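Each remark here refers to the structure printed beneath this line.
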Amino acid sequence: MRTDIFARLDREPEPPKIEIPRMSRHRIALFGGTLAFYLAIVIAVLVSSWLVALDWKVMLFRPYQQWPELHAFLDYYVVLGQRGPTAVMVACWLGWRSWRQHTLRPLLTLGASLLLLNVTVGAVKIGLGRLGPHYATQIGSAEMFAGGDIFPSGHTANAVVTWGILAYLATTPRARRYLSAVSATVSLGVGLTTVYIGTHWLSDVLLGWAAGLLIMLGLPWFEPVITRAEAWIFAAREKWRARRRLAPLVPVAVGGPQPVLLPQSLGAGDAGEPSPSLGTAGHPAASARPRAHPVRSERTPVTPAGPRRPPHADRTPRANTTPARPMGGS
């Protein structure tokens, strides 16, 4: 029976040496070409070129009416582009990898990519304000600056980033190639599904695919920030552990009797007995607190022998000169 498969579930003894992608010339060339494609689509939609006419032709074709048997399946398939479910699934996988490899880089890279996605795609959506096919007002119009938020397609861009991060963090070139092909297929499929349902124009999908690819190609520029964030988190964890080790080992019981220092009372009946007007520790309300010393009822009373007033040598005892009064009789 093979055991090497289950051995991969164990935690590695030390963090592996993973090659971090760098901004090579090839990657910079791809980034520049994708950026040019991105700007060309935006300009083509702004000037209402042939791309806008193609958008209207596809929308009026109504693919969901041409192939209604695909509607049930594609309603579930489009979930692969929604931000919440996909982020949770990928975060669970990357969280296990972070635990196994003693590093936070997978989770921090996912967080950085999603943050870039929200900032860049969200800003363009709000700035251009394009309306979707279901809310279009004029045939042949680009429907720009009308208060919409569908250009570029968020489903497509999210699918590129969420599934592409798995290829970006792959440890071998072979796995990176396979996962890149899977990410491209899933993202384009999600984008075309939104066109089939009628929630996006075709140009929205093309721009969303380019927006997600720009984020994936530009991630190596943010690797130094991710490295510093990981080092800061680990340093904070070590400080917290050191603080816990220096904490007292025996905790003090909350609400138990605490020793109280009592002030000596001048003029009280017994020496060292607190004044009844002051209570414990000189505060009237403190007399109700539990005391760490025995109360008065537990002591044995001591009766002083002889007069309390000390005798004086310069004084003589006064003689009783008054004769005793006889007891009255009949």
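The values are calculated or read from the model by the stated rules, or taken from the named source; none is laboratory data. What you see is a predicted model, and the numbers here were worked out from it, not measured in a lab. All Cβ positions, even for glycine, are placed from backbone atoms using ideal geometry, and neighbour counts span all protein chains on display. The accessibility values were calculated without ligands, DNA or RNA, using every heavy atom of the protein model including side chains. Shrake-Rupley method; radii C 1.70, N 1.55, O 1.52, S 1.80 Å.
For the stretch 130-147, the condition holds for no residue, the condition being that it is polar (S, T, N, Q), within 28 Å of A91 (Cβ to Cβ) and open to solvent by 40 Å² or more (accessible area, probe 1.4 Å).
Contact map, the stretch 125-142: first residue within 19 Å of Y196 (Cα to Cα) and at pLDDT 90 or above, second residue surrounded by fewer than 11 Cβ atoms within 10 Å (Cβ to Cβ) and small (G, A, S), Cβ cut-off under 8 Å, separation 6 or more or different chains; pairs are L131/G147. Residues in the stretch 72-90 that are among the small types (G, A, S) and more than 18 Å from V182 (Cβ to Cβ): A72, G84. Does T109 satisfy being outside any helix (DSSP H, G or I), farther than 30 Å from M144 by Cα, open to solvent by less than 50 Å² (accessible area, probe 1.4 Å) and in contact (Cβ under 8 Å) with a residue 12 or more places away in the chain? So T109 does not fit the description; no.
Filter the stretch 167-183 for residues that are assigned to a helix (DSSP H, G or I) and open to solvent by 40 Å² or more (accessible area, probe 1.4 Å) and give the result. P173, R174, R176, R177, Y178, L179, S180, A181, V182, listed by residue number. Among the residues of the stretch 61-78, the one identified as among the aliphatic types (A, V, I, L, M) and free of Cβ contacts under 8 Å to residues at least 60 places away in the same chain is A72. Reported count of residues in the stretch 70-97, each being over 16 Å from the mean Cα position of the chain (by Cα), surrounded by fewer than 18 Cβ atoms within 10 Å (Cβ to Cβ) and of a type outside the set (A, V, I, L, M), is 11.
Is it the case, given these coordinates, that Y64 is surrounded by 13 or more Cβ atoms within 10 Å (Cβ to Cβ) and under 35 Å from the mean Cα position of the chain (by Cα)? Against the criterion (surrounded by 13 or more Cβ atoms within 10 Å (Cβ to Cβ) and under 35 Å from the mean Cα position of the chain (by Cα)), Y64 does not qualify. Screening L214 on (1) assigned to a helix (DSSP H, G or I); (2) open to solvent by 50 Å² or more (accessible area, probe 1.4 Å); (3) in contact (Cβ under 8 Å) with a residue 24 or more places away in the chain shows it passes everything except condition (2).
Is there a residue in the stretch 148-161 that is in a loop (DSSP other than H, G, I, E, B), among the small types (G, A, S) and either in contact with a Lys or Arg (Cβ under 9 Å, 6 or more places away or on another chain) or surrounded by 14 or more Cβ atoms within 10 Å (Cβ to Cβ) (or both)? Before you say what the answer is, go through the steps one by one.
First pass over the stretch 148-161, keeping only residues in a loop (DSSP other than H, G, I, E, B): 148-153.
Filter once more, keeping what is among the small types (G, A, S): 148, 153.
If we keep only those that are either in contact with a Lys or Arg (Cβ under 9 Å, 6 or more places away or on another chain) or surrounded by 14 or more Cβ atoms within 10 Å (Cβ to Cβ) (or both) as well, we get 148, 153.
Yes, there is a match, as at least one residue in the stretch 148-161 is in a loop (DSSP other than H, G, I, E, B), among the small types (G, A, S) and either in contact with a Lys or Arg (Cβ under 9 Å, 6 or more places away or on another chain) or surrounded by 14 or more Cβ atoms within 10 Å (Cβ to Cβ) (or both).
Number of residues in the stretch 32-46 that are within 21 Å of F145 (Cα to Cα) and in contact (Cβ under 8 Å) with a residue 12 or more places away in the chain: the value is 6. Condition check for D55 on (1) open to solvent by less than 40 Å² (accessible area, probe 1.4 Å); (2) without any contact (Cβ under 8 Å) to a residue 24 or more places away in the chain: one failure, at (2).
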